[in-house]
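Trainee: Take a look at this one; I'll ask things after.
The values are calculated or read from the model by the stated rules, or taken from the named source; none is laboratory data. Worth saying up front: this structure is predicted, and the values here are computed from it rather than measured. Methodologically, a virtual Cβ is constructed for each residue, glycine included, from the backbone with ideal geometry; neighbour enumeration extends over all protein chains shown. We work out accessible area using only protein heavy atoms, side chains counted, and drop any ligands, DNA or RNA first. Shrake-Rupley method; radii C 1.70, N 1.55, O 1.52, S 1.80 Å.
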Amino acid sequence: QRTLTSTRKDLNSELRKHVSETSNAALQAKDLGNLKSLIEAKLGTISSTMDQYQKQMQEQEKQASHSISHLRNKVSRMEKDASTLSLSLQQKLAHAMTDSLTNLPNRAAYQDSILPICNMNQKANTQLALAVCDIDHFKSVNDTWGHLAGDKVLRLLPRQIRSALTEKYMAFRYGGEEFVILLPNTSLSAAKTKMEGIRQAVE
């Protein structure tokens, strides 16, 4: 843009110079033939200047178009890279917040969620029940049938939990065989009934 502006200024100065020279020469001309030759020469110079300017403009526009095309491609690549990085980051964050064995939100997800949920329930003046669960005699499962069997039990347990809960309830794997279940808008008596349903399903 600066180059184009500079070129236009140069052309303007050059044309003004030629017009001024032509005007001065016309005033000093002795006869009509001399004046005609002089004007023709000056018009030829002006025409040549305009042709040169047009060539410069075409070259500069060509360079500008190439630069814009290059920048557009670069921005497009950057947008694709940013999109890929954003997706990768989201996947990594989701992976970091998810227990790989049970596919339940993990302890980190629980710690991120619990305070906002408590604050939200406090502001809405609604009840919130929290249940901490563990699997009875889980060590004996590992000791008797091995850790693969123990892992299978841990993978099966979330299905039993989900089958007894609606979507508004949240289950987390807190660690080992311990689980935390949040029951928003739920009274203590209703929470006990709900948890007994889970206990029976697991049993």
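Trainee: Could I have the simple spin-label model distance between K80 and N185, label points 7 Å from Cα toward Cβ, reported in nm to one decimal?
Mentor: Computed distance between label sites K80 and N185 equals 4.6 nm.
Trainee: Next question, about the same structure. Give the accessible surface of segment 16-109 per residue, rounded to a whole number of Å², with probe radius 1.4 Å and ligands, DNA and RNA excluded. Intermediate values should be presented prior to the final figure.
Mentor: Details: 7390 Å² over 94 residues.
Dividing the accessible area of segment 16-109 by its residue count gives 79 Å².
Trainee: Can you give the accessible area of E40 in Å² (nearest 10), computed on protein heavy atoms with a 1.4 Å probe?
Mentor: We get 110 Å² for E40.
Trainee: Please tell me the relative contact order of the chain in percent, rounded to the nearest whole number, where contacts are Cα pairs under 8 Å and at least six residues apart.
Mentor: Worked out over the chain, it gives 18 percent.
Trainee: Run the accessible area of segment 1-137 with a 1.4 Å probe and give the carbon-and-sulfur part as a rounded percent. Display every interim value, and only then the final one.
Mentor: Values: 5760 of 10740 Å².
The C+S portion of the solvent-accessible surface of segment 1-137 is 54 percent.
Trainee: Read through the labelled values (i) 69, 32, 24; (ii) 122, 45, 21; (iii) 52, 37, 35 and report the label of the one computed as Cα extents along the principal axes in Å from the structure.
Mentor: Matching the structure shown: (ii).
Trainee: At q = 0.17, 0.28, 0.29 Å⁻¹, what base-10 log of I(q)/I(0) does the Debye formula yield for segment 1-69 when every alpha carbon is treated as an equal point scatterer in vacuo?
Mentor: Normalising to I(0) and taking log10 leaves -0.67, -1.16, -1.20.
Trainee: Return, for the Cα atoms of segment 64-118, the radius of gyration and Dmax in Å, separated by a comma.
Mentor: Final numbers for Rg and Dmax: 19.3, 58 Å.
Trainee: Then there's this: Just add up the charged neighbours of H137: K/R +1, D/E -1, any other residue whose Cβ is under 15 Å from the Cβ of H137.
Mentor: Local charge sum for H137: -4.
Trainee: Springs between alpha-carbon atoms under 10 Å, Gaussian network over the chain: tell me which of P116, P105, P184 tops the mean-square fluctuations.
Mentor: P116
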